[in-house]
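These notes are about the structure you will find just below.
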Amino acid sequence: MYIYIAKSNIVKQLYHLILCIAVLTSCTTHNTSIQSSGTIGNHALVSSAHPLASAIGLEIMKNGGNAIDAAIATHFALAVVYPQAGNIGGGGFAVIRMNYGTINSLDFREKAPALAHREMYLNAKGQLNDMQSTHGLMASGVPGAVDGMFALHQKYGTLPMAELIEPSIEMAQRGYALTPLAAELLNTKQEEFQTYNRWSTPYHSDQDWQAGDTITQPDLALTLEHIQTNGRNGFYEGIVADQIVAEMQSKNGLISHADLKNYQSVWRKPITGNYRGHQIISMAPPSSGGVALIQLLQGTEGYPIADWGHNSTKTIHLMAELERRVYADRATYLGDPDFINLPVDQLLDPRYNEQRFSDISFDKATPSALVSAGEIPPSESPETTHLSIADADGNAVAITTTLNSSFGNKVMVKGAGFFLNNEMDDFSSKPGSPNQFGLIGGEANAIAPHKRMLSSMTPTIVTYKDQLKMIVGTPGGSTIITSVYQTLLNVIDHGMGMQEAVNVKRVHHQWYPDEIRVESDALTENVQTDLAQLGHQLRMTDKIGRMDCILVLPDGRLEGGADPRGDNTALGY
Ligand code: DON
């Protein structure tokens, strides 16, 4: 945990609170079979990307709010203190399990504006225009986050929405202190902020930001007040909508008043599956996360990976071979279910996956060039962030939310104080051409007006014998699915506690590029040599994912798994 000099009262109080909680909860579990090194909550727990956001979520539950109330408050708080991904200008997905067993999921993913079209990022020669789908106003989809928070609240919230937004307003007004990581990140973004903004945002600075510097955001506070006073319409209509449209019209943005007014999040049936007696509850399309995760787990279940060992040659080889096939299916078949028929049932059919993975050899890697999407029989009828919360009543929520890239399209809406997403890059702008995550796609994920772009976000809840067991999720673009997959295996197969399962190093394969990305120190020299001999290309990479997870221990207490790769913090009581 970082300790830095906070300049404002609220920040001081919150850090004090965090430190007290950390001291009270930093004990190890009494359970002998699981080694818990994470924060323990006897009743409730929040794990999110920022200590101040986790503290706000925890306070909400201590004041009688449930997990959904806490998630909403944490989401708004992340929009203030974690602007690279926490947002009101982006979108995401929520997976929920209430203590009476009901499961549900909310899609508050951004949508393409009405004026978007399939070739909007291509020049006259049919080539992709550099950076238009990632930087600047054309890159934004219609934000879904605010509508999503109100939809969640309407169905499951218990405290007044105004109470859930209030701490974020205060924090935007009074300021929050930068962590060392946040200061470092902001210093790398100054040039982009200057290029893409017409004004000096609170994140501009002529001098390097230092840990402990305080950032106040009066415009964002006003925007949050509009939302607090006017509800959903405080964002999608009125002055904030005017500010968004003015920003769009200042250059080449497409989002109109009608796009904003008509935005609606959608309740979707979660994707479910089984793995070694556990029920997996995850996100349905337009996220590919749930489908791909279940495919990977189906492909793993027949093999004794616990005996093979964590990050051993055989385990990594199997995972990479499964992943290249599953990502080929993702690229070909998945997109927005409101626009095309997706073969979800077929992709989740164990018979399909048995056949799909039947050509995996343990003697050699299959070059991705030899892997294409599986044959689906005709259908019978036609910088992101994650938070996990469990409350004292056993309700659980997993939300992954994003602006796509770090600080989205880098444009902060003038007068409104929040960054816009660059989610349009998640569409397949040109068949076969990779997006910023190297993912390729085709027809199913082509751009169309009002369509949602395919996502990899994988907020996931796991139950065992009908009892809540885990809440899992992470940012990381294309690596989200495989990070969630590995974390589930770490607990279920490799017997790790939650914090250890999050800490250990990860690897990733996504079909193309044909390589296994490897975090440094993930694999021993011997394993690396053996994998190379099997024909795998290995590429060392920096950090994969920033998980925020919760594990219910056998004695009912909760262990947080907050990723040491970021400022992620689990707090419980
Ligand atoms: O929806 C998706 O899959 C991406 N927009 C997620 C982006 C992301 O995770 C970036 N963070 N590292």
Residues with amide H under 5 Å from that of TRP267, placed H, sequence gap 5 or more: ASP107
Magnitude of the charge dipole, the stretch 46-192, Cβ model with Lys/Arg +1 and Asp/Glu -1, debye to 20: 340
Those chymotrypsin sites (Phe, Trp or Tyr not before Pro) in the stretch 76-128 that DSSP places in a loop and that have at most 11 other beta carbons within 10 Å: TYR100
³J(HN,Hα) computed for each position of the stretch 447-452 - Karplus, 6.51 cos²θ - 1.76 cosθ + 1.60, integer Hz, glycine/proline x: 6, 8, x, 6, 7, 9
Per-residue HN-Hα couplings for the stretch 318-331 [Karplus 6.51, -1.76, 1.60; θ = phi - 60°; Hz; x = Gly/Pro]: 4, 4, 5, 5, 5, 5, 5, 6, 5, 5, 5, 5, 4, 5
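Around LYS543, with a cut-off of 10 angstrom between Cβ atoms, what is the net charge of the other residues, counting Lys and Arg +1 and Asp and Glu -1? It would help to have the intermediate numbers written out before the result.
Working: positive: LYS505, ARG506, ARG546, ARG565; negative: GLU519, ASP542, ASP563.
So the environment of LYS543 carries a net charge of +1.
Local charge sum around GLY148 (other residues, Cβ-Cβ under 10 Å, Lys/Arg +1, Asp/Glu -1)? Write down the numbers at each step before the final one.
On the way: positive: ARG109, ARG232; negative: ASP107, ASP147.
Taking every other residue near GLY148 into account, the sum is 0.
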Geometric extent, Cα atoms of the chain - Rg, Dmax (angstrom): 22.2, 66
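With r as the distance between the Cβ atoms of TYR464 and ASP130 and R0 = 35 Å, compute the FRET efficiency 1/(1 + (r/R0)^6) and round to 0.05.
For R0 = 35 Å, the calculated efficiency reads 0.10.
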Paired Rg and Dmax values of the stretch 423-508, which use every Cα atom, in angstrom: 16.1, 46
THR214 - accessible surface, heavy atoms, 1.4 Å probe, Å² rounded to 10: 40
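So what are the stretch 73-177's ellipsoid semi-axes, whole angstrom, largest first, if each one is the square root of 5 times an eigenvalue of the alpha-carbon gyration tensor? Please report the intermediate quantities before stating the final value.
Working: eigenvalues 213, 79, 21 Å².
After scaling each eigenvalue by five and taking roots: 33, 20, 10 Å.
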Amide proton proximity set for MET453, modelled H, under 5 Å, gap of 5+: ALA112
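Let me check I've understood the local charge: for HIS386, count other residues with C-beta under 13 angstrom from its C-beta, Lys and Arg +1, Asp and Glu -1. What total comes out? Can you show the working numbers first?
Numbers: positive: ARG546, ARG565; negative: GLU383, ASP548, ASP563.
Charge balance in the 13 Å sphere: -1.
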For the stretch 457-573, the fraction of alpha-carbon pairs in successive 5 Å shells from zero, as %: 2, 11, 21, 22, 18, 12, 8, 4, 2, 0
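Arrange the peptides 482-494, 259-271, 37-49, 78-90 so that the one whose residues have, on average, the most other Cβ atoms within 10 Å appears first. Mind showing how you got there, number by number?
Numbers: 482-494: 24.8, 259-271: 18.8, 37-49: 26.8, 78-90: 28.5.
The packing order, highest mean first, is 78-90, 37-49, 482-494, 259-271.
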The stretch 31-101, Rg to Rh (Cα coordinates; Rh as Kirkwood inverse mean 1/r): 1.02
Calculated [θ] (222 nm, deg cm²/dmol) that DSSP helices of n ≥ 4 give over the chain, each run adding -39,500 (n - 2.57): -10500 deg cm²/dmol
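Remind me, relative contact order of the stretch 166-245 in percent, using alpha carbon pairs under 8 angstrom and six or more residues apart?
On the way: 78 pairs, mean separation 30.6, N = 80.
The value is 38 percent.
Please go through the residue pairs LYS314/LYS364; LYS111/LYS251; LYS111/LYS543; LYS189/LYS410; LYS62/LYS465; LYS155/LYS469 and name each one whose alpha carbons sit more than 18 Å apart in this structure. Please list the in-between numbers first.
Values: LYS314/LYS364 11 Å; LYS111/LYS251 20 Å; LYS111/LYS543 29 Å; LYS189/LYS410 9 Å; LYS62/LYS465 28 Å; LYS155/LYS469 23 Å.
Beyond 18 Å: LYS111/LYS251; LYS111/LYS543; LYS62/LYS465; LYS155/LYS469.
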Accessible area expressed per residue, the chain, with surrounding protein chains retained (probe 1.4 Å, Å²): 36
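For the stretch 466-535, what Kirkwood radius comes out of the mean inverse Cα-Cα distance, in Å?
About 13.5 Å for the stretch 466-535.
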Three semi-axes of the equivalent ellipsoid, the stretch 178-278, Cα gyration tensor, whole Å, largest first: 31, 26, 16
Estimated inter-spin distance, HIS43 and ALA532, nm [label 7 Å along Cα→Cβ]: 5.5
ASN262 versus THR102: modelled label distance in nm, points set 7 Å from Cα along the beta carbon direction: 3.0
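Distances longer than 17 Å among the Cα atoms of the stretch 79-118: what percent of all pairs is that? If you can, show how the numbers build up before the last one.
Numbers: 438 of 780 pairs.
So the pairs more than 17 Å apart make up 56 percent of the total in the stretch 79-118.
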Whole-percent carbon and sulfur share, accessible surface of the stretch 76-172, 1.4 Å: 50
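The values are calculated or read from the model by the stated rules, or taken from the named source; none is laboratory data. For clarity, every value in this text was computed on a predicted model and none was experimentally measured. Don't worry about glycine lacking a Cβ; one is built from the backbone with ideal geometry, like all the others, and counts go over all protein chains shown. Surface accessibility is based on the protein's heavy atoms, side chains included, excluding ligands, DNA and RNA. Shrake-Rupley method; radii C 1.70, N 1.55, O 1.52, S 1.80 Å.
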